[in-house]
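Quick notes on the structure that follows.
The values are calculated or read from the model by the stated rules, or taken from the named source; none is laboratory data. Source: prediction; values computed, not measured. Positions of Cβ are generated from backbone atoms using ideal geometry, with glycine treated the same way; all protein chains shown enter the neighbour counts. Accessible surface is based on the protein model in full, side chains and every heavy atom, while ligands, DNA and RNA are left aside. Shrake-Rupley method; radii C 1.70, N 1.55, O 1.52, S 1.80 Å.
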Amino acid sequence: MSPYFPSPRPCGTPLSSYSVHLDYLEAGADIIITASYQATIQGFEAKGFSRGDSEALLRKSVEIACEARDVYYGRCKEGSPDGIDDGRVLKHRPILVAASVGSYGAYLADGSEYSGNYGDAITLETLKDFHRRRVQILAESGADLIAFETVPNKVEAQAYAELLEEEDIKIPAWFSFNSKDGINVVSGDSLLECASIAESCKNAVAVGINCTPPRFIHGLILSIKKVTTKPILIYPNSGESYDGDRKEWVQNTGISDQDFVSYVNKWCEIGAALVGGCCRTTPHTIRAIYKTLPKRSAALSSQ
């Protein structure tokens, strides 16, 4: 299997055009993720938007990504025969739009998606009620799949799995967890138990890790392989630390694109099927992954 190259979601950053998506497509991404990670009906309503306008904004996030894909395909037709034009990858290929669903913690915007600690008052039913309409809208907006991202605990994974079944969602989904110790998800819940929820979910087509330092990914892939037969997706962050109190990334705590990409072939060798980048990675990161993976494919073909 040739790994995909998911593009990083713009982590809550408003997207006024499709230019960000185009940057990643021209870097070689095969999957683009909508800018809906922190976009929630409840959050929009708290800012004064009506329910109708809030739902329309969710749909717009998918429309923007789909429009970017269409524009990109048009550029591919006009590009050079070898698919490379001024460093841009202009190669017609299957491109998927993944509708991003961030955790309840992302809505709180207090960094709790990096702790998974929502308090005793937040139950399975609370989480299902919170996410239900948002998932319905994104599933019906033209996306190819749903990306449940940065899932910090077991209860939220269970909520997503039950919602997919209860609402009879027609498109597939992936479940992607985050870890801060390379063993468990950030809440301290067992990664094996969390990944097992995705494994048993009929709508889930992949399970993996995102927004986690690259140094932890090798061990996490090996752990997930113990409980899943589904493709494993990996899109780490740059390795930088996030300061939840100041709500900013701590500078100079991550790794370079060159170091990031040095991990990629090993991740693929031990089981990663989809590889990309999350927070603080850029189109340059994706382009470097794109350039690295064909070399691996050629090496495998010669064996």
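The solvent-accessible area of Lys225, taken with every protein chain present and a 1.4 Å probe, is close to 100 Å². Full extension of the chain segment joining Ser50 with Asp120 gains 22.2 nm, where the gain is 0.36 nm per residue of separation less the Cα-Cα distance. Answer rounded, prolate or oblate for segment 180-303, using the Cα gyration tensor with square roots of eigenvalues a ≥ b ≥ c: rounded when a/c is under 1.5, else prolate when a/b is larger than b/c, else oblate. Because a/c hits 1.5 or more and a/b fails to exceed b/c, segment 180-303 counts as oblate.
From the square roots a ≥ b ≥ c of the eigenvalues of the alpha-carbon gyration tensor of segment 216-260, which class results: rounded (a/c under 1.5), prolate (a/b over b/c), or oblate?
Working: a/c = 3.40, a/b = 2.00, b/c = 1.70.
Prolate, since a/c reaches 1.5 and a/b exceeds b/c.
Cα centroid separation, segment 112-148 to segment 266-294: 27 Å. Largest GNM mean-square fluctuation among Gln251, Gln38, Gln158, using the chain with Cα springs under 10 Å: Gln251.
For segment 183-303: lysine pairs with Cα atoms under 16 Å, gap of 8 or more or different chains, count?
On the way: Lys202/Lys230; Lys225/Lys266; Lys266/Lys291; Lys266/Lys295.
Pairs that pass both the separation and distance tests number 4.
With both labels modelled 7 Å from their Cα along Cα-to-Cβ, the Glu269 to Lys291 distance reads 2.1 nm. Ordering Leu274, Val135, Tyr118 by the projection of their Cα atoms onto the charge dipole of the chain, which places +1 on the Cβ of Lys and Arg and -1 on the Cβ of Asp and Glu, puts Leu274 at the extreme positive end.
So what's Rg/Rh here for the chain, counting alpha carbon atoms and using the Kirkwood radius for Rh? Walk me through the intermediate numbers first.
Working: Rg = 18.3 Å, Rh = 19.3 Å.
Ratio value, two decimals: 0.95.
Here segment 192-258 is assigned +1 on the Cβ of each Lys and Arg and -1 on the Cβ of each Asp and Glu. Its dipole about the Cα centre then comes out at about 340 debye.
Across segment 222-274, the mean sequence separation of Cα contacts (distance under 8 Å, 6 or more residues apart), normalised by length, yields a relative contact order of 44 percent. Label positions at Ser256 and Arg75, each projected 7 Å from the Cα along the C-beta direction, are separated by 2.7 nm. One chain, two ends: Asp181 and Arg246. Fully extended at 0.36 nm per residue, the span grows by 21.2 nm beyond their Cα-Cα distance.
In segment 181-227, what percent of the accessible surface is made up of carbon and sulfur (1.4 Å probe, ligands and nucleic acids excluded)?
Working: 950 of 1810 Å².
Result for segment 181-227: 52 percent of the exposed heavy-atom area is carbon or sulfur.
Normalised per residue, the accessible area of segment 189-228 is 37 Å², obtained with a 1.4 Å probe and no contribution from ligands, DNA or RNA.
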